[in-house]
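Worksheet: one structure, shown below.
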Amino acid sequence: MSLFVVSSDWRFKEKFKLRYRASFLTLFTMTEKALHALRLENPSLLIVDSKLGKCTQDEFLDQLIHQQPTCPILFCLDSGMELPERARQTLSLHTIQRSLLDWEALFSHLDCLANAETAEETEAPYHPSGLIGESDGIRNVRKQLMQYAHNSCSIHLFGETGTGKELAANYLHSLQYPHRSMVSVNCSLLSGALGNSMFFGHTKGAFTDGKTELKGFAYEADQSTLFLDEVENLSLQFQADLLRLLETGHYRHYGDTHLHTSHFRLVTASNEKLKDLISKQSMRKDFFYRITDVSLTLPPLREHKEDIPLLCSYFLNLHAPGKILSDKNMHLLENHSWPGNVRELFSTLRRGLLRCQDSEVVSLLPEDICLA
């Protein structure tokens, strides 16, 4: 499943960019680049905006008629515009007035189309988005994430910093929404009126500097995954506001009385035990119960050191193909306690790569590991 969008209006393209993954969506500003891509690939749908820069829709339509792509094409027309009958006879063409475009209906249709095509595809080996490891601990995490991937339950990920909580959330999201972008939010940003506005959105003129409308994270996460990292940083008031959204699916923009709807899979993460926060009265019990339908713990690296060679191989293949570690270096890595976990390991390897840019063998010094 793939989607091509052609427009010179960045706002038009941004609506798709916020919703869909880069692997699913291809955006074009120049019509000639879109025509070239259509010779190489047949997308599931081509959407053509009325804003096409130097090229008019009539000119682009003539080029499409000449090239004759077989994919369905949706033209967004300005008021009063019509397309010639010969275009409808040659192309699989659909039209809609740009001003009447129902974005939610369009997104819903695209989601259904993508999900249907994904279900028909032959199952292929799934790459775990960086959640690397063959130890019992990591295998168990992946197994549980796969078990709950297509369930609507809320999942909480607990683990020390650097253990890969966001990678686990991405793994879960990719299994359920392979074509959509996950909305990731660090909860330390969601404090006060500004944080409320960023999350729930605000109307134009809602406050002094509110010169434009902001949709907010809740809007972006609709029919996708919302990942709240460091959930322990949420204020009690924000917990109450978010709980209302989780229970009803409804929320309001700041400065607006109109109800909006958002339904999403919630994944939270913390490096503190949430039950301890309840005893400290910094987390509501009802909020705790709502976000912990399932709780998973990501093991620290010191508990699955047998994965270190595999993690190193993954990192080097990604950032420096062809480079290797000596047995002496691997022994150093396997005997370190890694308080910073996988993030610390990758930082150490990165430091070694910077020193050994011209060498095939990455050389690590004991002080590199102590610094990490």
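The values are calculated or read from the model by the stated rules, or taken from the named source; none is laboratory data. Since the structure is predicted, the reported quantities are computational estimates derived from the model, not experimental observations. Glycine also receives a Cβ, built like all others from the backbone with ideal geometry; neighbour counts cover every protein chain displayed. Note: areas computed on protein heavy atoms with side chains; ligands, DNA, RNA excluded. Shrake-Rupley method; radii C 1.70, N 1.55, O 1.52, S 1.80 Å.
List of remarks:
- Cut-off 15 Å between beta-carbons: net charge of the residues surrounding H173, Lys and Arg +1, Asp and Glu -1: +1
- P(r) histogram, all alpha-carbon pairs of the stretch 174-321 included - 10 Å bins from 0, percent: 10, 33, 30, 17, 8, 1
- Averaged over its residues, the stretch 243-372 has an accessible area of 56 Å² per residue, based on protein heavy atoms and a 1.4 Å probe.
- Kirkwood Rh in Å, taken over the stretch 4-102 so that all alpha-carbon pairs contribute: 13.7
- With θ taken as phi - 60° and the Karplus curve 6.51 cos²θ - 1.76 cosθ + 1.60 applied, the whole-hertz 3J(HN,Hα) list for the stretch 346-359 is 5, 5, 5, 5, 4, 5, x, 5, 5, 7, 10, 5, 9, 10 Hz, x standing for glycine and proline.
- In percent, rounded to a whole number, the relative contact order of the chain is 15, using alpha-carbon pairs under 8 Å and six or more apart.
- For the chain, built as a Gaussian network whose Cα springs stay under 10 Å, the top-fluctuating residue of V185, V267, V362: V362
- If R0 is 22 Å, the Cβ-Cβ spacing of M330 and E303 corresponds to a FRET efficiency of close to 0.75.
- Near T292, no amide H atom lies under 5 Å from its own; only residues 5 or more places off or on other chains count, and H is placed 1.01 Å from N.
- Dimensions of the stretch 236-300 based on its C-alpha atoms, expressed as ranges along the principal axes with the largest first, amount to 44, 24, 16 Å.
- Two-decimal Rg/Rh across the stretch 286-372, once Rg and the Kirkwood Rh are taken from alpha-carbon atoms: 1.13
- Close amide H pairs (under 5 Å, H built 1.01 Å from N) link Q97 with L77, residues at least 5 positions away or on another chain.
- When you filter the trypsin sites (Lys or Arg not before Pro) in the stretch 139-171 for DSSP loop state and at most 12 other Cβ atoms inside 10 Å of their Cβ, nothing is left.
- For the residues K211, K17, K275, a GNM of the chain with alpha-carbon springs under 10 Å puts the largest fluctuation on K211.
- Hz values of 3J(HN,Hα) by residue in the stretch 172-189 - Karplus curve (6.51, -1.76, 1.60), Gly and Pro given as x: 4, 4, 5, 5, 8, 10, x, 9, 9, 8, 7, 8, 9, 9, 8, 5, 5, 7
- For the chain, diffusion coefficient by Stokes-Einstein and Kirkwood Rh (Cα), 20 °C, 1.002 mPa s, µm²/s: 90
- Hz values of 3J(HN,Hα) by residue in the stretch 21-33 - Karplus curve (6.51, -1.76, 1.60), Gly and Pro given as x: 6, 5, 5, 9, 10, 10, 9, 10, 9, 9, 5, 5, 6
- Candidates per chymotrypsin sites (Phe, Trp or Tyr not before Pro) in the stretch 203-309, loop by DSSP, up to 15 other Cβ within 10 Å: F207
- Heavy-atom accessible surface of the chain: percent carbon and sulfur, 1.4 Å: 51
- Residues whose placed amide H lies under 5 Å from that of Y254, excluding near-sequence neighbours: G201, H202, T203
- Nearest-0.05 FRET efficiency for M146 and T95, computed from C-beta distance (R0 56 Å): 0.85
- Gaussian network model of the chain, Cα within-10 Å springs - most flexible of L194, L245, L318: L318
- Excluding exposed DSSP-loop GluC sites (Glu not before Pro) (at most 14 other C-beta within 10 Å), longest clean stretch of the chain: 135-359
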